[in-house]
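Undergrad: There's a structure below that I have some questions on.
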Amino acid sequence: MRAHFSPLASRLSKVQVAAAASAAAHIRLSSEAPIQRRPRKTFDWSTAFIAVVVVVAAVIVYRRDGEARFLEILVSDFHLFVDILPKVLAACLIAAFVAVLMPREVVLRWVGAESGFLGIVIATIAGAICPGGPITIFPVAAAFVAIGADIGAAIAFITSWTLLGYARALVWEWPFFGAEFVTWRIIISIPLPIVAGVLARFISGFAARKGDGE
């Protein structure tokens, strides 16, 4: 019985090997370099600093205003945390999808280190028209940096969103200050993201050359 099935098993094995080889021949491997991710630190000083500030503030409130006020603030902050957490998770998912789905060659060509002055202008325009708050904007900017956008373009994008974002201007500034104030503020602020992006690109390039020289 074993001798009878031996040729059949050998034939099946050869067919499997041939099929695997054929499939491997048709697989198109990506020529793109892996996404550049920031190395994770075992200890984060910024998180530690915020934690210390929170603990100190909690102790001060508890001793000054009593347990009732302390619990009221704690419950309010917990509700705020629960409200913000889904938005943070959604923003992180959006950034991850952008990093995976966005063609890296397109990012490198338009807002990469070799995109020149046009890349800074494109990043500035993108920052001005992108809606959403910092929970959305910062992960998206970090995702673009991870897939090839340079520091200058990222800084121009964030600066433009901060100074020229239409959502903030329409919702907050216009009702308080009026059309004339908002118009002049935006006109005066237009060059600032471009200047910030150019300076950031120059400084990062200078630091990189200095590091290579050492």
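Undergrad: Using the structure shown, decide if residue 97 is surrounded by 11 or more Cβ atoms within 10 Å (Cβ to Cβ), farther than 29 Å from residue 206 by Cα, outside the structural domain of residue 163 (by TED's automatic domain parsing) and modelled with pLDDT of 90 or more. Please lay out each step first, then the result.
TA: Values: surrounded by 11 or more Cβ atoms within 10 Å (Cβ to Cβ): yes; farther than 29 Å from residue 206 by Cα: yes; outside the structural domain of residue 163 (by TED's automatic domain parsing): yes; modelled with pLDDT of 90 or more: no.
Spelling it out, it is not the case that residue 97 is surrounded by 11 or more Cβ atoms within 10 Å (Cβ to Cβ), farther than 29 Å from residue 206 by Cα, outside the structural domain of residue 163 (by TED's automatic domain parsing) and modelled with pLDDT of 90 or more.
Undergrad: For the range 191-214, state whether one or more residues are within 19 Å of residue 110 (Cβ to Cβ), modelled with pLDDT of 90 or more, in contact with a helix residue (DSSP H, G or I) (Cβ under 9 Å, 6 or more places away or on another chain) and among the charged types (D, E, K, R). Give the derivation first.
TA: Taking the range 191-214 as the starting set, the residues that turn out to be within 19 Å of residue 110 (Cβ to Cβ) are 193-194, 196-198, 200-201, 204-205.
Retained after the next criterion (residues that are modelled with pLDDT of 90 or more): 193-194, 196-198, 200-201.
The next check asks that each one be in contact with a helix residue (DSSP H, G or I) (Cβ under 9 Å, 6 or more places away or on another chain); those that pass are 193-194, 196-198, 200-201.
Add one more test, that the residue is among the charged types (D, E, K, R), and what stays is 201.
Yes, some residue in the range 191-214 is within 19 Å of residue 110 (Cβ to Cβ), modelled with pLDDT of 90 or more, in contact with a helix residue (DSSP H, G or I) (Cβ under 9 Å, 6 or more places away or on another chain) and among the charged types (D, E, K, R).
Undergrad: Okay, next question. Kindly indicate which of 158, 186 is without any contact (Cβ under 8 Å) to a residue 24 or more places away in the chain and either basic (Lys, Arg) or surrounded by 11 or more Cβ atoms within 10 Å (Cβ to Cβ) (or both).
TA: Working: 158 fails: without any contact (Cβ under 8 Å) to a residue 24 or more places away in the chain.
Exactly one residue qualifies, and that residue is 186.
Undergrad: Right, another one. Being modelled with pLDDT of 90 or more and more than 30 Å from residue 131 (Cβ to Cβ) is the requirement here; does residue 53 meet it? Give the steps one after another, and end with the answer.
TA: On the way: modelled with pLDDT of 90 or more: yes; more than 30 Å from residue 131 (Cβ to Cβ): yes.
The answer is yes for residue 53.
Undergrad: Tell me which of these residue 63 doesn't satisfy, since it passes every other one: (1) loosely packed, with under 13 Cβ neighbours inside 10 Å; (2) within 29 Å of residue 200 (Cβ to Cβ); (3) of a type in the set (Lys, Arg).
TA: (2)
Undergrad: Within the range 161-174, can you find the residues that are free of Cβ contacts under 8 Å to residues at least 12 places away in the same chain and in contact with a helix residue (DSSP H, G or I) (Cβ under 7 Å, 6 or more places away or on another chain)?
TA: 174
Undergrad: In the list 121, 82, 111, which residue meets the criterion of being farther than 14 Å from residue 148 by Cα and surrounded by 15 or more Cβ atoms within 10 Å (Cβ to Cβ)? Please lay out each step first, then the result.
TA: Values: 82 fails: surrounded by 15 or more Cβ atoms within 10 Å (Cβ to Cβ); 111 fails: farther than 14 Å from residue 148 by Cα.
On inspection, the qualifying residue turns out to be 121.
The values are calculated or read from the model by the stated rules, or taken from the named source; none is laboratory data. Note that this is a predicted model, so its numbers are computed, not measured. Neighbour counts are summed over all protein chains in view; Cβ atoms, including those assigned to glycine, are modelled from backbone coordinates with ideal geometry.
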